[in-house]
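Presented below is the structure to which this report refers.
The values are calculated or read from the model by the stated rules, or taken from the named source; none is laboratory data. Remember, it's a predicted structure, so these values are computed and weren't measured experimentally. Here the Cβ positions follow ideal geometry from the backbone for every residue, glycine too, while neighbour counts run over all protein chains shown. These accessible areas exclude ligands, DNA and RNA; they are computed on the full protein's heavy atoms, side chains included. Shrake-Rupley method; radii C 1.70, N 1.55, O 1.52, S 1.80 Å.
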Amino acid sequence: MTGLENTAGVLVLLLAVMNSDQFASRPRNKGLFRAYMREFLNFDPPVIRRAVMLSLATAGMEGAGLMLLLPLLTLAGVFDKEGGNFPFGNRMLTSLKLDWNLENALVIFVVLISVQAWLVLLRDRVTRSLYLRFTDHLRQRLYESLAYSRWSFLIGRHSGEILNVLNSEVQRISVGTFFLLRLFTLSLLALTYLFVAFRISATLALLALSTGMLLWLLLRSSDGSSRASGGQLGQANNRLFTLTQEFLSALKLIKIHGEEASNIRQFNSAVTDVSRRFLDFQKSWTRAQMTFRVGGACALALLSYAALTLMQLSPARLLAMIAIFAKLLPQLSDIAGGRQQLLHMLPAFSAWRDLMRASEANRAPPTNDATIPLEQHIVINQVRFQHPQSHLTLTVEHLKIPAKTTTAITGVSGSGKTTLVDVLSGLIAPDSGSILVDGVPLEQLPGWCKSIAYIPQETLIQGGTLRDNLLWGNTAPSAAEIRQALEQSALSALIEKLPDKLETHIGERGVKLSGGEKQRLALARALLRKPQLLILDEATSALDGDNHRQLLDTLRGLHGNMTILVVSHRHEELAGLIDGTVFMEDGKVGPWRPALADS
Ligand SMILES: Nc1ncnc2c1ncn2[C@@H]1O[C@H](COP(=O)(O)OP(=O)(O)OP(=O)(O)O)[C@@H](O)[C@H]1O
């Protein structure tokens, strides 16, 4: 960072946290706030610098406008010469070589206000786009980090939690950042007013400042509750997202079991909880502002009294002071409120940072686009793997799967078939042992996942058209390639019958397709990848007789073109299709046995 950026950063930091000892008194707050500021200041230093400059300029113009106020009133004949004797305002007029008359002073006043309005417009545009882009940046950084993190890390997190951080927590950071920028602007303006007040009457300004500090100290008590309610709001949002996510994924089951009412109850309670947490904070926030305003009004009355009776301030100066304090008070109350908003936002930033750190610490090794050919065999030696908190240990002494064969992986439910496939495809790194593709260790093959097509039991079908689904995850296949994939997966006849052909919309998650059609669509999409290794993980088990037979016919057609693994606990149905079998029991993986010997 340049010196100027540092200065800008320090300015933001100083002014945003006017009462920084409050943060200092809570080390976690302080550390979190620093981390947040670092993230923000490193985001786009030139634009932050511009926003700081514009805020300084608008505050300067506001100050100049105020300084002109009293000479103007004197010229207008409202006050006598003494009341209007303000060197700065007078100097401003004389330095412009203008006659000291009302018309010129009014023109300058209008010009000052117009320039200020223009600067405010520029400042607001810059700051608004700044905080919105910062929000996007946080969201995109986290998304990218999650996308590149290890599978083992992702499956350990509830998707509701991830959704909550990506959506509502980042949104709360956005609101906090808006208040940070506002706090900065307001603080500058408040300083400007105080500066002008000092020029009018230093004693009175000092008195006002001390009263303001007193009010400020009074409000410190609500800081802790702001922070705490921010944390509680985060938890309530987390529950809401988790429930929503679970509801959506279990929709069919909920309907079949008639569990709508209990789900609605849970959801309603989560929604009310979020509102309650939010209202709790709003209450303390508005209470803080009200305290400031009422206290401020009392202080203003006392100060006016003191100024008139004890200090014998001229009416002109007194009027100017009242005008300044009347402007200053709402600003101070907004500053106090803004601080509460920042404290309230910190737990959201903490949630974002924790998830970000965890996913970065679990970053998967990089992959590349080069397809790895599989010409000879996949060999697994002495592999061991245990899922966290699982009773099952996957154990492979030695397994050799010949290339271009079709192999059935069989075993009872829970014997570890999917785990074996995850290890084979590089999704899970084993605790020990080696996996060799044509003799090369998997760790040296960053493009291995690009050579694999995987079809799970629960196929991923997206909304949109048939074509959208075919192209998902595939880089621009030609029309001939699409035709061939559709032929191979026995989908051509169906598509021919549809009026919109490949442009037919299949509804959300493909609800307009049957289970078998979805599986064949998934197979066509998989074939478009031109995989070296095709894995079907119980992909046929949910299909009825016809669809099942059709899919097996398709696999028969692919036999010998690529290495195929069919995970199934009904391997007898694969007779005549497979070259070999791997049997699993309680996590132990047997050798590859030729199909003949198996039967
Ligand atoms: N994400 C996970 N986290 C923790 N443990 C897991 C996870 N996935 C699987 N396991 C453990 O591994 C065991 C085997 O699961 P796996 O899915 O590999 O078996 P499977 O043979 O494919 O079962 P099925 O035929 O029912 O699909 C499970 O019983 C569970 O203990």
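All told, Asp579 meets the bar of being in the same structural domain as Thr406 (by TED's automatic domain parsing) and open to solvent by 20 Å² or more (accessible area, probe 1.4 Å).
Go through the range 546-575 and give me each residue that's among the small types (Gly, Ala, Ser) and modelled with pLDDT of 80 or more. Gly557, Gly560, Ser568 - these are the residues of the range 546-575 that are among the small types (Gly, Ala, Ser) and modelled with pLDDT of 80 or more. Residues of the range 260-314 that are open to solvent by less than 50 Å² (accessible area, probe 1.4 Å) and not in a helix (DSSP H, G or I): Leu313, Ser314.
The set of residues in the range 105-158 being under 30 Å from Gln386 (Cβ atoms) and hydrophobic (A, V, I, L, M, F, W, C) consists of Leu142, Leu146, Ala147, Trp151, Phe153, Leu154, Ile155.
So is Arg556 open to solvent by 50 Å² or more (accessible area, probe 1.4 Å), away from the ligand (no atom under 16 Å from the Cβ), of a type outside the set (Ser, Thr, Tyr) and over 30 Å from His391 (Cβ atoms) or not?
yes
If you check Asp546 against the conditions, is it of a type in the set (Asp, Glu) and more than 16 Å from the ligand (Cβ to nearest atom)?
yes
Comparison of Ser451, Ser432 shows that the only residue that is in contact with a Lys or Arg (Cβ under 6 Å, 6 or more places away or on another chain) and more than 16 Å from the ligand (Cβ to nearest atom) is Ser432.
Looking at Ile108, Ile113, just one residue is assigned by TED's automatic domain parsing to the domain that holds Ile48, open to solvent by 60 Å² or more (accessible area, probe 1.4 Å) and either away from the ligand (no atom under 16 Å from the Cβ) or on the phi < 0 side of the Ramachandran plot (or both), and that residue is Ile113. Filtering the range 137-164 to residues that are at pLDDT 95 or above and either β-branched (Val, Ile, Thr) or under 9 Å from the mean Cα position of the chain (by Cα) (or both) leaves His137, Leu138, Arg139, Gln140, Arg141, Leu142, Tyr143. Here the condition is being out of contact with any Phe, Trp or Tyr (no Cβ under 7 Å at 6 or more places or on another chain), closer than 30 Å to Ala51 by Cα, surrounded by fewer than 20 Cβ atoms within 10 Å (Cβ to Cβ) and not hydroxyl-bearing (Ser, Thr, Tyr); of Arg150, Arg157, Arg139, it holds for Arg139 alone.
Checking each residue in the range 493-518 for being open to solvent by less than 30 Å² (accessible area, probe 1.4 Å) and under 17 Å from Leu555 (Cα atoms) picks out only Gly516. Step by step: first the residues of the range 372-422, then only those that are open to solvent by less than 80 Å² (accessible area, probe 1.4 Å), β-branched (Val, Ile, Thr) and assigned to a loop (DSSP other than H, G, I, E, B), then the one that is farthest from the ligand (Cβ to nearest atom). Which residue is that? Step by step, filter the range 372-422, then rank; the result is Ile372.
Strands (runs of 3 or more DSSP E) fully within the range 480-599 that include at least 2 residues being under 43 Å from the mean Cα position of the chain (by Cα), over 14 Å from Ile409 (Cβ atoms) and among the hydroxyl-bearing types (Ser, Thr, Tyr): none found.
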